[in-house]
Amino acid sequence: MHAARISLFALMLAAAGLPLYIHLPRYASAELGMSLATLGAILAVIRVVDFVQDPALGWLIDRYEHARGAFAALACLGMAAGFLMLYTLIPAAGGLVWLIAALVLLFSAYSLGTILFYGHSTSLAGSPEALIRLAGWREGGTLAGIILAALAPSLLQQAGANGGGYAAFGILLALICVGVWALTRPLWQIPSSPEAPVTWAALRRAGGLRLLVLALVNSLPVAMTSTLFLFFVDEKLALPDLAGPFLILFFLAAGLSVPIWTRASAAYGARQVLVPAMALAILSFSGAALLPAGAAWAFAAICIGSGAALGADMVILPVLFSTALARAGLRGGQAFGLWTFAAKLSLAAAAVILLPALQLSGFEPGGPNGASALMALTLAYAVLPCLIKLLAIALVMRLPREVSLS
């Protein structure tokens, strides 16, 4: 298995996932002068495009398997161009149209790369039984990419970069995308095993639809907390200088927990492991609702607990989906087109729901926020995600007891 190349490709993709939603609210507000409600509306419109686009991209990848190398090049170079447009090449006029075009290009290239990568999982692993080992390398790269992309703007700013470090950030990400394309081309020369086309009926029989719904609901709490993380640390906790260390703690805990969750799932079953992992997330974030300003050590503990819970989500659910497809002999492209759409829908839904609601509550990034605005931020960051996680636990409890990673 091409372990290092798998990690590198995952690292690149991760930069356009959670970190983008961590940075976008503050970047759009501080650097572009855009309201939170406007940003939420833009993301909602883009998700409408994804509803048609992502399954279509999956169909194209399945239909033209011999062109996987070309698809990978389009994904990597498209992401490079999207990052430059978003963060670096901002025009003096027409910024709104430019931002929309940059996000459409970036999200489209990200979708293409993600669907290609995850749909090719069984071929990259060599067998369904090896999927869990592939997931370890993939999620390790993903976590490294998240940490890099989440921290890079502030580090670049400290090193002297202008504009909050974002202009240099766009160049850095573009260079990473081009480098990853050059280094990972052998991945797409691995032949795919013969598989049947995906239909709704076949996906339902394989248990894939149940897992898609679970993935969508379960990813919403992480999407919400990621979207509001910087606001919560800056405004509620009044600890802006510790945002970087908190992020490192969160994702380091996620990475270190992956082998633990993997072994536990193999020993006891995914269903039995997901429930306590989700309960840990609820316990962690419910504690965040009670924190006063300046509670650095308590929030650090919450970052560790919630990060460890995220590790279970990242490794178990995609492998369950890949295993279900492999057992049913179904092609991965179209199926992971739906999976990618579900993941992006959760991130966009968090922004679409929360950002306008916060603005209506009177919350202003970097502004003088009163008690009611900070209470709205706390409810959105720490309480609502816990309620949704309870629904995810209910869905896990309805999974068949025989669900496993092997």
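Coordinate-derived values only; no laboratory data. What you see is a predicted model, and the numbers here were worked out from it, not measured in a lab. Cβ: placed from backbone, ideal geometry, glycine included. Neighbour counts: every protein chain shown.
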Open item on the list: I need to check one value: relative contact order of the stretch 1-110, counting alpha carbon pairs closer than 8 Å and at least 6 residues apart, in percent.
Closed with: 27 percent
Task: Rough spin-label spacing in nm, given labels placed 7 Å along Cα→Cβ, for L391 and R205 - done: 3.1 nm
- [ ] Counting residues in the stretch 3-397 as N, plug N into 2.2 N^0.38 Å and put the Cα Rg over that result.
- [x] 0.94
TODO: In whole angstrom, note down how far apart the Cα centers of the stretch 269-312 and the stretch 1-55 are.
DONE: 24 Å
Open item on the list: Counting C-alpha atoms alone, how compact is the stretch 130-188: give Rg to one decimal and Dmax as a whole number, in angstrom.
Closed with: 14.5, 45
Open item on the list: Along each principal axis of its Cα atoms, how long is the stretch 257-406 end to end? Whole angstroms, biggest number first, please.
Closed with: 56, 33, 23
Open item on the list: Please compute one quarter of the surface area of the Cα convex hull for the stretch 226-280 and express it in square nanometres.
Closed with: 4.5 nm²
Open item on the list: At a threshold of 8 angstrom on Cα-Cα distance, excluding pairs fewer than six apart, so keeping six or more, what relative contact order does the stretch 3-397 reach in percent?
Closed with: 29 percent
